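Heads up, the thing below is written out as structure tokens.
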Amino acid sequence: MTVKLKIPKRKKGARASKGLVSRDPVIRVAVATFIILSVCVCGFFSFYYIKYGRIIDQRFKGPVFSSSAKIYAIPRAVKVGEKVDLHEIATQLRRAGYAENDSPSPMGTYRPLKNAIEINPGPQSYHSPEPATIQIEDGQVSSITGKSGDLAAYELEPRMITALFDAEQRSKRRLVKYDDIPKILVDAVLAIEDRRFFQHGGVNFIRLAEAAWVDVTHQKHEQGGSTITMQLSRAFFLSPEKTVKRKIVEMLIAMELEQKFSKQQIFEFYANRVDLGQRGSFTISGFAEASQAYFNKDLKDISLPEAALIAGLIQAPSYLSPYRHPERATERRNLVLDSMVETHAITRAQADKAKASPLKLAPPNVEASDAPYFVDLVRDAVISRLNERELNEQSYRIYTTLDPDLQRAAAQAVDLGMKLVDDQVTKRRTKKVKVGKNKFETKVEPGPQAQVALVALNPHTGEVLALVGGRNYGFSQLDHAVARRPTGSIFKPFVYAAAINTAVDGANPVFTPASMVKDEPGSFAYGDQIYEPRNYKEEYHGDVTARYALALSLNNATVKLAEEVGYDKVADLAKAAGIISVKATPAMALGSYDATPLDMAAAYTVFANAGVRISPVMVNSVRNAAGDVVMDFKPEKRQVLDPRVAAVMTNMMEGVLNFGTAYEVRTRGFEAPAAGKTGTSHDGWFAGYTSNLLCIVWVGFDDYSDIHLSGAQTAAPIWAEFMKKAVALPQYSDVKSFSQPAGVVDVQLDKTTNLLATPSCPETYTAAFIAGTEPNQTCDQPAGVKGFFSRMFGLGGEKALPPPAPPGATPEATAADQEGKKKKGFFGKIAGIFKDDKPSNPPANPPAQSGNAPQ
């Protein structure tokens, strides 16, 4: 059907109609303005759409997150007879990248069986691909079966400690795929952050309008209205400034991201990028890193309340920190749980049960899990030989010597021990100040906080197994384990070792542990200088054996021995052991020259490793992503002492713990065979070792001021606590008595004469000697007749040791500030017979050789 329209003709002379626009100038201006604004807005959006489209394409062209090298711990060996849990083995394998059952993984797979676990390393495994089956019975490893038969032990895949951090951003993250994120965590994040994430196109305009209305009506910013995609836009491309322009650009980028990526990809980016707090000096980036940091768990293993806590932290991780503000964190977690009920992700019963659970956080000790000071040293060691950019881009694997269990023990021992140090320092600084007539106030003088370092290594391989470089890495990244400090009395064993070495180097006279040394006030000349050391409290003991002098750390006797042996011989030995700063002076004998705790750990391997110095090593190998070795690291070994000399020195230093200045270690419950030496300069030191572990502890102030506490009061308790924890671990529990090489003999000596004991001299002690240097006369021969007078007048023979000194009264504090008693006179010695024979505070469980023994 045809429709005809009749258009009326304009009357002649009538004015042509130009519509509303032509009739109203205001409307004309408005329309023009609208058109101009529309063009501007379109131009603005077009410009930024193209601009940020290119930026997005460039940013996501390669890997979204930069690759990084990964740092692994030393392999954990499981031994037959060891107590172990199957779940623990499975967890460790999973953390190392193994997949359960037959799921593909280049690292390997494992299969849980009844009372057993089957392990199959993959092509990228640290080990050769030899499978093994570990059988468990009654909580112990009953057998290990490998491809070639029964095995005594099997090394598990090394667990990852951390990724090599970005030096500029100082952030750590563990990348995770969307499919590996637990559904409960996805639901928690969506419930509290963006409920319509899977429905909107990047911007939730309804929620944005609601947030704007609340902000206007309350006159403050209370709600953000940002979607997950908008948060991701801001994190990747924009600054955190709060402006209208930034918000508009944020929305534009969000919409572009939604066009270019799927919802799952966007959530995966978000899960790996979001910042969730601070650990030490590092930012916790991503859900997987947060799971490790807050719960010490794989992301797959987190529970409902843990997922809710992580989701709740997104809003304000510092303000809601569960360590610093547990009430706020708990309240926020519970809000997330309520939100999950509203979105029907969980039931009300599940929410109430989760709310009732405590936070259950991993210990906040960064040293216990991350070992940041150790990682810093590893990074320095590796990038000194490999390009850092290549190291990260190629995702190299750095296999270190760190034992996570031992590192945890070290961190806990330091944490506990430094609280004791703080208490002692505070007590020293607490003074009563007169503020008026008969009025006093107790004030604590200001001062620095004590710092600490602990280095533990295997004395036979040089592998650094644990390292703590300070008490708070977040506060200070200064690594005290490699900071040079005066060594104090832990240097003295090198003086005595140089003396014992005379038995093998043909020198004359030959010194032995029973050689007599004068402990008396004196001056020592060196060049045009005079050195006048003093003993603790200026107590002097007259003629004493070298063994006694070392046990009680007698300053004057030690310097006198160094003078007799030759300062140059002592210095040469110390330098060969790695203490390179020493000079052949009298002050050297008392540890006046500097070395680092790591240096001293290496130096003490001379005693613990049969005279062989072994350099510390923190990296075993570097491998590429395919598992191929790129570089191996090997320790340097050098014979410094005759094994016989090292064995005699170990025996002498056993006495330091059993009845000398380090008896504090025994009173704290560490009973395994061990040798060591306390040290005090301005700082406190303790160096000690067992048959399988060597540990050095240092405590002091960064400003070099005197801590006014001895090594027995500061460092020794930390060492004792660490070693107690260490020997409780399966891999370090097999502590044996120290072995002695051929050519070393143990002899029984009379306490009074220090000659060979016979039945007529029943009070004896045992000492080690290089064969041929032991005493050859007996206590009942003419040389021993003076025993009674020795007891009365202190003539000849070795003095009876006093009982273990109480805290604060150790006899090896620095000579510079020692005050107190003068040398006892004749009558003082007579009176001292009765006083010293009956100690007022004998040890509750005295060692096998009495605390009064002349050792």
Tally of residues being within 21 Å of Glu463 (Cβ to Cβ) and either polar (S, T, N, Q) or at pLDDT below 95 (or both) across the stretch 639-673: 2
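Take the residues of the stretch 226-283 that are of a type in the set (S, T, N, Q) and part of a strand (DSSP E or B): which is farthest from Gln58 (Cα to Cα)?
If we filter the stretch 226-283 for residues that are of a type in the set (S, T, N, Q), which is where we start, we get 226-227, 229, 231, 233, 239, 243, 259, 262, 264-265, 272, 278, 281, 283.
Next, only the ones that are part of a strand (DSSP E or B) stay: 278, 283.
On the way: Gln278: 29, Thr283: 25 Å.
Residue satisfying both the conditions and the ranking: Gln278.
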Counting only residues that are surrounded by fewer than 13 Cβ atoms within 10 Å (Cβ to Cβ) and farther than 21 Å from Phe236 by Cβ, how many does the stretch 27-57 have? 15
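From the list Gly474, Gly470, Gly447, which residue is in contact with a His (Cβ under 6 Å, 6 or more places away or on another chain), part of a loop (DSSP other than H, G, I, E, B) and either of a type outside the set (Lys, Arg) or without any contact (Cβ under 8 Å) to a residue 40 or more places away in the chain (or both)? Working first, answer last.
Details: Gly474 fails: in contact with a His (Cβ under 6 Å, 6 or more places away or on another chain); Gly447 fails: in contact with a His (Cβ under 6 Å, 6 or more places away or on another chain).
Exactly one of Gly474, Gly470, Gly447 is in contact with a His (Cβ under 6 Å, 6 or more places away or on another chain), part of a loop (DSSP other than H, G, I, E, B) and either of a type outside the set (Lys, Arg) or without any contact (Cβ under 8 Å) to a residue 40 or more places away in the chain (or both), namely Gly470.
When the stretch 100-130 is examined, which residues are found to be assigned to a loop (DSSP other than H, G, I, E, B), surrounded by fewer than 16 Cβ atoms within 10 Å (Cβ to Cβ) and within 33 Å of the chain's Cα centre (by Cα)? Please lay out each step first, then the result.
The first filter runs over the stretch 100-130 and keeps only residues assigned to a loop (DSSP other than H, G, I, E, B), leaving 101-107, 114-115, 122-130.
From what is left, the residues that are surrounded by fewer than 16 Cβ atoms within 10 Å (Cβ to Cβ) are 101-104, 106, 114-115, 123, 128-130.
Selection gives Pro106, Pro123, Ser128, Pro129, Glu130.
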Cβ-Cβ distance below 8 Å, separation of 6 or more or different chains: which pairs start in the stretch 112-124 with a residue that is within 18 Å of Ala626 (Cβ to Cβ) and end on one that is of a type in the set (Asp, Glu)? Pro121/Glu130; Pro121/Glu157
Within the stretch 503-543, residues being among the hydrophobic types (A, V, I, L, M, F, W, C), more than 22 Å from Thr661 (Cβ to Cβ) and either assigned to a helix (DSSP H, G or I) or open to solvent by 30 Å² or more (accessible area, probe 1.4 Å) (or both) number 5
Condition set without any contact (Cβ under 8 Å) to a residue 40 or more places away in the chain and out of contact with any Ser or Thr (no Cβ under 8 Å at 6 or more places or on another chain), scope the stretch 740-754, selection nearest to Leu402 (Cα to Cα): answer is Ala742
From the residues in the stretch 544-583 that are touching a Gly at 6+ places or on another chain (Cβ under 8 Å) and not in a helix (DSSP H, G or I), which one is surrounded by the most Cβ atoms within 10 Å (Cβ to Cβ)? Ser553
Going through Gln259, Gln315, Gln278 one at a time, which residue ends up being modelled with pLDDT of 90 or more, among the polar types (S, T, N, Q) and open to solvent by 50 Å² or more (accessible area, probe 1.4 Å)? Gln315
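Count, please, the residues in the stretch 131-142 that happen to be in a strand (DSSP E or B) and more than 15 Å from Lys83 (Cβ to Cβ). Can you show your working first?
Taking the stretch 131-142 and keeping what is in a strand (DSSP E or B), we get 132-137, 140-142.
Retained after the next criterion (residues that are more than 15 Å from Lys83 (Cβ to Cβ)): 132-133.
Total satisfying the criteria: 2.
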Out of everything in the stretch 591-614 that is open to solvent by 20 Å² or more (accessible area, probe 1.4 Å) and touching a helix residue (DSSP H, G or I) at 6+ places or on another chain (Cβ under 6 Å), what residue ends up being nearest to Ile383 (Cα to Cα)? Leu598
Matching residues in the stretch 187-203 (in contact (Cβ under 8 Å) with a residue 60 or more places away in the chain and either of a type in the set (D, E, K, R) or open to solvent by 10 Å² or more (accessible area, probe 1.4 Å) (or both)) number 6
All conditions in (1) of a type in the set (A, V, I, L, M); (2) closer than 27 Å to Val468 by Cβ; (3) open to solvent by 40 Å² or more (accessible area, probe 1.4 Å) are true of Ala626 except (2)
Out of (1) at pLDDT below 85; (2) among the basic types (Lys, Arg); (3) in contact with a helix residue (DSSP H, G or I) (Cβ under 9 Å, 6 or more places away or on another chain), what's the single condition that is false for Arg195? (1)
Among the listed residues Leu304, Leu320, Leu337, identify the single one that is under 29 Å from the mean Cα position of the chain (by Cα) and open to solvent by less than 50 Å² (accessible area, probe 1.4 Å). Leu320
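Somewhere in the stretch 393-400, is a residue in contact with a Ser or Thr (Cβ under 6 Å, 6 or more places away or on another chain), modelled with pLDDT under 85 and at positive phi?
yes
The values are calculated or read from the model by the stated rules, or taken from the named source; none is laboratory data. Just so it is clear, the structure is predicted and the values come from calculations on it, not from any experiment. Here Cβ is always computed from backbone atoms with ideal geometry, including for glycine, and neighbour counts include all displayed protein chains. The area values use the complete protein model at the heavy-atom level, side chains included, leaving out ligands, DNA and RNA. Shrake-Rupley method; radii C 1.70, N 1.55, O 1.52, S 1.80 Å.
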